[in-house]
Amino acid sequence: MRVLPKRFFIIVFALLLAGCAASETRSLVSTDDIPASKYKKLAVFIENLDDAERPGAEQIVRATLQNAGVNAVSGSDVFKGRGKLSEKAKASIVQKEFDAVLYLTVVEKGMVEELIPNAFFDGQMVQYNLGIMTVGHNLTDLHVIKPDGSVYEQKLTLKTKVDLQDTKSAKAVWASETISSGPTKTTNMAGLFNQATNQIVAKMREDSAI
């Protein structure tokens, strides 16, 4: 149901640098399936996070969308106070009360080792080959040295994907993949999630989905 028709694919690439952290988003949009009025009211569901983390993540996405002029409701609040509902009843509520549903899935999060291009370890220092010169840097606890002398840096990484589904047509109209990362000493996961969410919502506006 969430597969976008290939003939409508528009691939968009964006790169955002914020201090030492970076985010990259690629989006796919089915332009002919998005109404001219765009989407003004969204239900937001966060997937692949535990119960302790989900409310905070929903709040970040909801607040970011509202700052962009969209009436967004967290998935945990959509059915609150409505009693026990069947899946059919839940689907009916979402269809009647919302223009679209945004599913944000956390694909991966945690610490990774990322290769530092043009860097090598000479046995004492990390050397950076800048082409016209080589610059040495003291080895830190963020560096990981491989047997061949290549140098990696420990980074926090967050990978997310988003699917936006029209509630009236049940079509997937917009999708994105975002990768955010930053050095472990200057980055935390909440900051990465907030940065990724800001970029996702900005891309939705750029693609005229909201």
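The values are calculated or read from the model by the stated rules, or taken from the named source; none is laboratory data. Note that the structure is predicted; figures quoted are calculated from it, not measured. Virtual Cβ from ideal backbone geometry, glycine too; neighbours counted across all protein chains shown.
I'd like the full set of residues that are closer than 27 Å to L158 by Cα and either assigned to a loop (DSSP other than H, G, I, E, B) or within 17 Å of the chain's Cα centre (by Cα) (or both), limited to the stretch 25-41.
T25, R26, S27, L28, V29, S30, Y39
Among the residues in the stretch 47-56, are any in contact with a strand residue (DSSP E or B) (Cβ under 9 Å, 6 or more places away or on another chain), of a type outside the set (D, E, K, R), over 19 Å from Q165 (Cβ atoms) and not in a loop (DSSP other than H, G, I, E, B)?
yes
I'd like the full set of residues that are over 16 Å from V112 (Cβ atoms) and either in contact with a Cys (Cβ under 9 Å, 6 or more places away or on another chain) or part of a helix (DSSP H, G or I) (or both), limited to the stretch 194-210.
Within the stretch 194-210, N194, Q195, T197, N198, Q199, I200, V201, A202, K203, M204, R205, E206 qualify.
Could you grab the pairs with beta carbons closer than 8 Å, sequence gap of 6+ or different chains, first residue in the stretch 185-210 and over 14 Å from G69 (Cβ atoms), second one assigned to a loop (DSSP other than H, G, I, E, B) and among the hydrophobic types (A, V, I, L, M, F, W, C)?
K185/L142; T186/C20; T187/C20; D207/I10
Could you run through the stretch 144-182 and say how many residues are under 26 Å from the mean Cα position of the chain (by Cα) and in a strand (DSSP E or B)?
Total meeting the criteria: 26.
All but one of (1) buried (at least 18 other Cβ atoms within 10 Å of the Cβ); (2) under 20 Å from K168 (Cβ atoms); (3) modelled with pLDDT under 95; (4) not acidic (D, E) hold for S23; which doesn't?
For S23, the failing item is (2).
Would you check if L142 is under 26 Å from A196 (Cα atoms), crowded, with 18+ Cβ neighbours inside 10 Å and touching a residue at least 12 places away in the same chain (Cβ under 8 Å)?
Values: under 26 Å from A196 (Cα atoms): yes; crowded, with 18+ Cβ neighbours inside 10 Å: no; touching a residue at least 12 places away in the same chain (Cβ under 8 Å): yes.
So L142 does not fit the description; no.
What do you reckon, is G136 of a type in the set (G, A, S), farther than 29 Å from L192 by Cα and either part of a strand (DSSP E or B) or touching a Lys or Arg at 6+ places or on another chain (Cβ under 8 Å) (or both)?
Here the answer is yes, as G136 does meet what is asked.
Going through the stretch 86-101 one residue at a time, which ones are part of a helix (DSSP H, G or I) and surrounded by 12 or more Cβ atoms within 10 Å (Cβ to Cβ)?
Of all residues in the stretch 86-101, those part of a helix (DSSP H, G or I) come to 87-97.
Within the stretch 86-101, A89, K90, A91, S92, I93, V94, Q95, E97 meet the criteria.
Give me the residue from the stretch 145-184 that is touching a residue at least 60 places away in the same chain (Cβ under 8 Å) and surrounded by fewer than 17 Cβ atoms within 10 Å (Cβ to Cβ) and, out of that set, nearest to F98 (Cα to Cα).
First, the residues of the stretch 145-184 that are touching a residue at least 60 places away in the same chain (Cβ under 8 Å): 162-184.
Then drop every residue that is not surrounded by fewer than 17 Cβ atoms within 10 Å (Cβ to Cβ), which leaves 168-170, 177, 183-184.
Working: K168: 9, S169: 12, A170: 12, E177: 23, P183: 39, T184: 39 Å.
Restricting to residues being touching a residue at least 60 places away in the same chain (Cβ under 8 Å) and surrounded by fewer than 17 Cβ atoms within 10 Å (Cβ to Cβ), the top hit is K168.
Which residues, taken from the stretch 57-74, are part of a loop (DSSP other than H, G, I, E, B) and either surrounded by 14 or more Cβ atoms within 10 Å (Cβ to Cβ) or on the phi < 0 side of the Ramachandran plot (or both)?
Scanning the stretch 57-74 gives A68, V70.
Which residues, counting only those in the stretch 94-121, are at pLDDT below 95, in contact with a Leu (Cβ under 9 Å, 6 or more places away or on another chain) and of a type in the set (A, V, I, L, M)?
Passing the criteria: M111, V112.
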